[in-house]
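I have placed the structure first, in the form of structure tokens, so that the comments after it can refer back to it.
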Amino acid sequence: MENIQNLPIDIQTSKLSDWLLDRRHCNVKWQSAIKTIREKINTAIQDMPENEEIKQLLSGSYIHYFHCLRIVEILKGTEASSKNIFGRYSSQRMKDWQEIISLYEADNVYLAEAASLLSRNVSYEGPALRKQLAKAQQLQQELSRREVECQSSVVELRERYYAACKQYGITGENVPRELQALLKDLPAVLEEVGKDAAKLEKQIQLYVAFSNFVCNWSEPVLPMLTFAQKKGNVTFYEWKTGKVPVVVERPVVEEVIPEALTENTIDWGDFGTGADGVGVNAVVAVEDGIDWGISLDSTSEGADAGGIDWGDSNVAPVEIELVDVGTDCPEGVARGEDALSLLENSQSRSQFIDELMELETFLTQRICEMGEEGDVVAMSQFQLAPSVIQNQTQGHVQDMLSQVQDLLGRLTSLRMQHLFTIQASPRYVERVSEMLRQKLKQADILVLKAATMAEKRQEALQEQCRLEPCVDLLAGCTRELQKLIEADISKRYHNRPVNLMGVNI
């Protein structure tokens, strides 16, 4: 007997209710009795004394038999004045709770309910809370990752914006005005290029001498570069006519400042869908039709009939005299395109760049040939060449090539290309400004999206903080209920140890 007395009784928690029913500790119809008990508990808790411990017991989500026992113990102290000489209480509160305990103890209804409650906590309530908690933690990680991605994209977009501004040669504080300001500095920049073109005398002489020696070239060689090397960056009028203009009337540059977009024309995107993509779309309302105010009714006559008033047909037609272009420009006056410098005028600038590239190609080829002219045949070919050709060294030609490439690079850089385009089309400023502004708009949208991610992450953190005490409370109540059930079953089996297996919250 002693060995049996010490043998533990191991019961799987998920099968505890079936175990109790199989051993006839509880009745199969215990649930119908519970409905009556729950109604009486709901009625009894409406009238309770002011007691802090009772408040804590009643604050739980579910009041079971063991709570009722504790409430009766407390009422024995608060309702002591209602106890008569026979040891009975006249207090209605005490009678109600004693009746509830009696109903609980009938057919061990309380044990069946406690087993069901324990099984529900272990199988459903605990896993559900853990799942919600894990979801809140996972959501925080995901939102944190996406927030970092948005912040990284913001930095990248702004770096691309300032890199693009640097290519244009502006700071990006006020793109339209800065681009317009660059145009004002363009003549001075081109003037410096024109001054440096005067240093190309040796290169031009070498090319001219080589062309005449090899090909007996009769056409002018590098006419634009030769002219610019001697005269500098003079007006196109002087290049075209060979005369210095008396009066220079430069064309007025139209300054176009793009209008700032209003807030209602920007679609900031949807931050609640979780979509990573971003975009800015102009919203334009289009009416069903446009009333032009013109009727093309052929039967109507005059403006009063709703048609077009073509005027009096009896009036003599207006004679239009065609005047040759340029006849109104006096001699010696450089006006319009003619007043621009050689490097400002698109026609002469293109020719200037073409001749620079031609000179660059010649010098590059000449360097390659000089590297291969070590044999006797190559030396004999240039015995009759002019001294300007024979006296050149490979290093000296390389220096001349570097000067040409420097000038060519300064004229064909991305910044200069944009400036020339702006000069030719002032509306280009608006397009460039809008293109650059889009990068900042996308960055601003991502900033708002990152703020939204941070807000949602904070909400997930608050949800985690709310769930963690619930998990701890459920775990504590479950462990307490486990001990009470184990103790109750142990009494029924001569205090043998009872272990409820699988209780884990």
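Coordinate-derived values only; no laboratory data. A quick note: this is a predicted structure, and the numbers were derived from the prediction, not measured. All Cβ positions, glycine included, derive from the backbone under ideal geometry; neighbour counts span all protein chains shown.
For Val447 and Ser413, compute 0.36 nm times the residue count separating them, minus their Cα-Cα distance, and round to one decimal in nm.
Residue separation times 0.36 nm, minus the Cα-Cα distance, leaves 8.9 nm.
Could you list, in their original order, any pairs among Lys55/Lys135; Lys195/Lys240; Lys202/Lys230; Lys131/Lys456; Lys202/Lys231 whose Cα atoms are separated by more than 22 Å?
Lys55/Lys135
Provide the FRET efficiency to the nearest 0.05 for the Ser123-Asp22 pair, computing r from the beta carbons and using R0 = 25 Å.
Details: r = 19 Å, r/R0 = 0.77.
My answer for the efficiency is 0.85.
Can you list the residues, at least 5 places off or on another chain, whose amide H is less than 5 Å from the amide H of Gln12, using H built in the peptide plane?
Met501
Put a dot 7 Å past each Cα toward the Cβ at Asp196 and Glu369; how far apart are the dots in nm?
2.7
So what are the ³J(HN,Hα) numbers for segment 24-29, from phi and the Karplus equation (6.51, -1.76, 1.60; θ = phi - 60°), rounded to whole Hz, Gly and Pro as x?
6, 6, 10, 8, 4, 8
Translational diffusion coefficient, Stokes-Einstein: compute it for segment 351-505 using the Kirkwood radius over C-alpha pairs as Rh, at 10 °C and 1.306 mPa s, and state it as an integer in µm² s⁻¹.
62
With r as the distance between the Cβ atoms of Arg431 and Gln462 and R0 = 41 Å, compute the FRET efficiency 1/(1 + (r/R0)^6) and round to 0.05.
0.30
Which ³J(HN,Hα) values in Hz, rounded to whole numbers, follow from the phi angles of segment 485-491 under the Karplus curve 6.51 cos²θ - 1.76 cosθ + 1.60, where θ = phi - 60° and Gly and Pro get x?
Computed from phi, the couplings for segment 485-491 are 5, 4, 5, 5, 5, 4, 5 Hz.
More than 16 angstrom separation, counting every C-alpha pair in segment 383-451; what % is that?
71
Given the C-alpha centroids of segment 423-491 and segment 163-194, what is the distance between them in whole angstrom?
Their Cα centres are 45 Å away from one another.
Could you tally the net charge around Tyr168, taking each other residue with its Cβ under 9 Å from the Cβ of Tyr168, Lys/Arg +1 and Asp/Glu -1? Before the final figure, lay out each step's value.
Details: positive: Lys166, Arg415; negative: Glu178.
After counting each charged neighbour, the total is +1.
What residues qualify as long-range amide H neighbours of Val498, i.e. H under 5 Å apart, gap of 5 or more or another chain, H built at 1.01 Å from N?
So Val498 has HN proximity to Ile9.
In whole Hz, with x marking every Gly and Pro, tabulate ³J(HN,Hα) for segment 354-370 from phi via Karplus 6.51 cos²θ - 1.76 cosθ + 1.60, θ = phi - 60°.
4, 6, 4, 5, 5, 5, 4, 4, 4, 5, 4, 5, 5, 5, 4, 5, 5
Please enumerate, by chain and number, the lysines with C-alpha under 23 Å from the C-alpha of Lys29, excluding those fewer than 8 residues away in the same chain.
Straight-distance partners of Lys29: Lys15, Lys40.
List the residues, sorted by chain then number, that are 5 or more residues from Glu249 or on another chain and whose placed amide H is less than 5 Å from its amide H.
Ala334, Arg335, Gly336
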